[in-house]
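The values are calculated or read from the model by the stated rules, or taken from the named source; none is laboratory data. What you are looking at is a predicted structure, and each value in this text was computed from that prediction instead of being measured. When we count neighbours, we look across all protein chains shown, and the Cβ atoms used for this are built from the backbone with ideal geometry, even at glycine. Note: accessible area is taken over every heavy atom of the protein model, side chains too, but ligands, DNA and RNA are not part of it. Shrake-Rupley method; radii C 1.70, N 1.55, O 1.52, S 1.80 Å.
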Amino acid sequence: MRFNIHRSFFLPAILFVGLVLVSCSEKKAETTQSETTAEITAEAKSDQKIILFFGNSLTAAYGIDPEDGFAGLTQQRIDSLGMDYRVINGGLSGETTAGGLSRLDWFLEDKPDIFVLELGGNDGLRGINLTETKSNLLKIIDKVRSKFPDTKIILAGMQIPPNMGQEYAAEFTAMYPAVAEEKNVTLIPFLLENVGGIPELNLPDGIHPTEEGHKIVFETIWPYIHSEL
């Protein structure tokens with residue numbers, strides 16, 4: 001699945017500016033019975049398997065209700081199938097791979113059975129050295145595997161408009177298959193396939209998908225997630 005940069009980023013400079021602008025106790029139980037119920041509920045949740053989406057504003061569903069984003073839609077599909085999985089949205093707007101690496105430990109307090117890594121887009125749009133970006137992606141994967149060797153890892157590929165030059169954009173696109181091959185993880189070739197750069201499927205900033213856009217993104221990623229369940 002190859003993304004046509006010229007078609008999908010029909011106004012790359014505007015898209016770039018848009019993303020840069022964007023990037024910029026519970027009450028105590030009153031009875032023993034209610035306390036017991038809460039404990040049972042908490043225990044049940046802890047027994048659920050976890051799907052962790054770890055990314056930036058795309059994962060965070062910037063501009064729309066998170067439940068309508070692809071992570072939220074994944075939970076809805078899981079529930080409809082009666083599967084005992086809990087989806088955790090670890091998206092943070094403006095996040096870079098370096099930022100993701102620094103905050104990863106907090107999300108690894110509980111084992112994720114499936115770890116979806118969606119980072120790098122902000123690195124590319126800021127022109128960060130791709131050697132650094134690739135290194136951070138590798139370190140994130142290594143850190144997950146070091147703590148939870150059985151966790152299944154899915155890497156979401158990304159592409160960028162050629163603002164930093166055609167060569168940089170091409171190297172950026174090629175970075176994801178290289179990381180996936182080196183670490184033997186599942187690769188989604190391009191997260192925004194059939195969504196990136198299509199005005200009606202994106203918010204006015206031209207970068208972040210609308211609810212309809214997220215539905216398409218979900219259908220892109222679901223086969224990869226479903227195969228790991």
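Against the numbered list (1) at pLDDT below 95; (2) open to solvent by less than 20 Å² (accessible area, probe 1.4 Å); (3) hydroxyl-bearing (Ser, Thr, Tyr), Ser46 comes up short only at (2).
Within the stretch 89-106, the residues that satisfy the criterion of being open to solvent by less than 40 Å² (accessible area, probe 1.4 Å), out of contact with any Asp or Glu (no Cβ under 8 Å at 6 or more places or on another chain) and not acidic (Asp, Glu) are Gly90, Gly94, Gly99, Gly100, Leu101, Leu104. The residues of the stretch 154-163 that are open to solvent by 10 Å² or more (accessible area, probe 1.4 Å) and within 22 Å of Ser102 (Cβ to Cβ) amount to a single one, Met158.
In the set Phe172, Phe218, only one residue is within 15 Å of the chain's Cα centre (by Cα) and either assigned to a helix (DSSP H, G or I) or not polar (S, T, N, Q) (or both); that residue is Phe218.
Filtered by the rule that a residue be in contact with a helix residue (DSSP H, G or I) (Cβ under 7 Å, 6 or more places away or on another chain), in a helix (DSSP H, G or I) and closer than 19 Å to Phe53 by Cα, the stretch 175-214 gives Val179, Lys183, Glu211, Gly213, His214. Scanning the stretch 78-88 for residues that are surrounded by 14 or more Cβ atoms within 10 Å (Cβ to Cβ), among the aliphatic types (A, V, I, L, M), closer than 26 Å to Leu130 by Cα and within 14 Å of the chain's Cα centre (by Cα) turns up nothing.
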